[in-house]
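I have placed the structure first, in the form of structure tokens, so that the comments after it can refer back to it.
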Amino acid sequence: MLMTRGLAADHAPEIAENSSRIIGMHKIVSLIYAGADVAPMWNELTQRIRTDATDAAAMFDLATILQTLGRADDARQMFRSAVELKQDFCVVHGNGQGPRLLALVTQGDFMANTPLDFLLVDSDCVLWLHYVDAETAELGDLPAHDVAFMAIGESTENAPVLARMQALLADFGGPIMNNDPELVSRLTRDGVSAMLAGEPSILSPNTYRVPREDLVAVGSGAKQLYKCAPELTFPLVVRPISTHAGHGMERIADPSGLSAWLETQPAPEIYVAPFIDFRGADGLYNKQRIVFIQGKAFASHMALSEHWIVHYLSAGMAESPAKRAVEQAWMEDFDTDFAIRHKDSFDALYRRIGLDYFGIDCAELPDGRLLVFELDVAMVVHNMDSPTTYPYKQVAMRKLFDAFVDTLRNKAAG
């Protein structure tokens, strides 16, 4: 149901008192990210549950704390208990008088769904999370909203949910973003490399799903690597299916190295891709995260590292003024420099992917092409880094967040 902004304002007091209201991912993760003591919050939430064993909102926030602290199994159990009690949870930003965004989500970790709460920081938006699964029969009795967002990301676990959503959303009424569950389900690492194949301005290395037993045979010398995929040669990058943030990823130089890695990884199927040396002229590996909103590109972050697995938190950005200076220049000049140089790449990405919202991790190759490591709808995009250490990031993220909220307003008005 499409409601005007005025009606959204009329509903703000009702939302504030709603038993579905949660603290939300952004506030909780930001506190823990900053090293704050969450014990008072934890104690208050647990006391609420002692008082009312059906307080699903308190369970939800406790699950978010557990997930942020790395207690994944406990978090999963707590989330399950919360969603069994309620399917709808609400986060109110600011005065709650801005657009109301309905996110169709499913159970999982922070990478299971687009983390929309982070994109609404310092707005007056209301975020409703409506939980679905592969058994959901219909999308009835949804919270009142101005715009919907199909927020379920690609993963092996989410595949049956996305298939179900394809049918449920076929005749969805009202404005909705990323309303193509089938396309999202194709955003696997091998799927993305196939979708971007043949684009001259982009290098997305051919990625293959190889059964474990085939790689075991390669490691033992019983099988040649090219028989797994004709174009594969050492060195390789290998990683288990359905992993993110570099978990289990390794660069493999030869069959013996492959055999040793397989002893540590029980996954039945492995992603295998050629290793691309993407070091810049400074000898550092660099990786940029870029977000696309309605086809326009926005800088999210840039990390420079001595190691080929580039993660912002382990790249030493906080300790290196020189690295931060490079990121600052990249972010401040993004629209007039990087985005201009890679206009053809950005146009091709939007044309081939076609979603309202997605992100990429990428690097600029010496030959001018854009090396795309990953493309996803569920990448975390945030402004949690210290404004003292990274003052320039607040400006760039504000621009990105404002563009997202403007898009919601335009969708609602349209």
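The values are calculated or read from the model by the stated rules, or taken from the named source; none is laboratory data. Computed from a prediction, not measured in an experiment: that's the story for all the values here. Heads up, the Cβs are rebuilt from the backbone with ideal geometry, glycines too, and the neighbour counts pull from every protein chain shown. Only protein heavy atoms, including side chains, enter the accessible area calculation; ligands, DNA and RNA are left aside. Shrake-Rupley method; radii C 1.70, N 1.55, O 1.52, S 1.80 Å.
Placing one equal scatterer on every Cα of the chain and applying the Debye formula, the log10 ratio I(q)/I(0) at q = 0.08, 0.10, 0.11, 0.13 Å⁻¹ is -0.46, -0.73, -0.89, -1.23. Across region 325-393, C-alpha contacts under 8 Å between residues 6 or more apart give a mean separation that, scaled by the residue count, equals a relative contact order of 28 percent. Accessible surface for the chain, divided over its residues, is 44 Å² per residue with a 1.4 Å probe.
So if R0 is 25 Å, what FRET efficiency would Phe234 and Thr156 give, r being the distance between their Cβ atoms, rounded to the nearest 0.05?
Values: r = 27 Å, r/R0 = 1.08.
Computed FRET efficiency for Phe234 and Thr156 comes out at 0.40.
A simple spin-label model places the labels of Ser386 and Asn43 2.8 nm from each other, with each point 7 Å out along Cα-to-Cβ.
Residues within the reach of a label modelled at Thr54 (point 7 angstrom out along Cα to beta-carbon, backbone nitrogen below 15 Å), restricted to region 78-94, are 82-88. For region 168-310, the extents of the C-alpha atoms along the principal axes are 57, 44, 29 Å, listed from largest to smallest. Overall form of region 31-147: oblate. Here a/c, set by the Cα gyration tensor axes a ≥ b ≥ c, is 1.5 or more, and a/b is not larger than b/c.
Got a number for carbon plus sulfur as a percent of the chain's accessible area, 1.4 Å probe? Intermediate results must be reported in sequence, preceding the final value.
Details: 9360 of 18180 Å².
Taking all protein chains in place, the chain shows 52 percent carbon and sulfur surface.
For region 157-164, putting each phi into the Karplus relation 6.51 cos²θ - 1.76 cosθ + 1.60 with θ = phi - 60° gives couplings of 5, 7, 3, x, 5, 4, 4, 5 Hz, in residue order, rounded to whole numbers and with x for Gly and Pro. Site pair Arg212 and Asn410 shows an inter-label distance of 4.7 nm when each label is modelled 7 Å from Cα along Cα→Cβ. Residues whose amide H comes within less than 5 Å of that of Leu102, counting only those at least five positions distant or on another chain, are Trp128, Asp146, Val147, Ala148, Phe149 (H built at 1.01 Å from N in the peptide plane).
In straight-distance terms, cross-link reach from Lys393 covers every one of the aspartates and glutamates whose alpha-carbon lies under 12 Å from its own, apart from those fewer than eight places away in the same chain; here that gives Glu327, Glu332, Asp385. Note on Glu138 and Ala260: the extension gain reaches 39.1 nm, defined as 0.36 nm multiplied by sequence separation minus the Cα-Cα distance. Compactness of region 317-414 was expressed as the Cα radius of gyration divided by 2.2 N^0.38 Å, which yields 1.20.
Among the listed pairs Lys343/Lys411; Lys296/Lys323; Lys287/Lys343; Lys86/Lys411; Lys27/Lys296; Lys287/Lys323, those with a Cα-Cα distance over 20 Å are Lys343/Lys411; Lys296/Lys323; Lys86/Lys411; Lys27/Lys296. Short-range pairs are left out: with C-alpha atoms under 8 Å and at least six residues apart, the relative contact order of the chain is 15 percent.
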